[in-house]
Amino acid sequence: MKEINLFDVVFLKENLSGINLPSGTVGTVIYVYKPEKIFEVDFINKEGFSIASVTVERSQIDLIEDYQILTEFTIFKVEI
């Protein structure tokens, strides 16, 4: 797993049902509470507006990388 840092662009790996954020929602790390463990992420909608700032664990997010395609601010992994 690559290290996640402040201002990295990430996506949710699972649904956050309590606040209605589906898997694949994209956001930016805005605070690192515990490196590689707990982060504050500002998630956005397809218009680029903030929809929620949420504290998440490392296991709930991942970096957006070159092999992934961004479609309407939902992330999909491409198998090569």
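Some notes on this structure:
- Model label sites at K13 and S59, defined 7 Å from Cα along the beta-carbon direction, differ in position by 0.9 nm.
- Radius 15 Å from Cβ of N15, net charge of other residues (Lys, Arg +1; Asp, Glu -1): -2
- Estimated distance in nm for a label pair at Y33 and N20, the labels positioned 7 Å out from Cα along Cα-to-Cβ: 2.4 nm
- Summing +1 for each Lys or Arg and -1 for each Asp or Glu among the other residues whose beta-carbon sits under 14 angstrom from that of V56 gives -3.
- Only Lys, Arg (+1) and Asp, Glu (-1) charged, at Cβ; the stretch 9-75 dipole about Cα centre in debye: 180 debye
- The stretch 9-75: relative contact order in percent, alpha carbon pairs under 8 Å with at least 6 residues between: 33 percent
Rule-based calculations on the coordinates, nothing more; no lab input. Because the structure is predicted, anything quoted here is derived from the model rather than measured. As a convention, Cβ positions derive from the backbone with ideal geometry for all residues, glycine included, and neighbour counts pool all protein chains shown.
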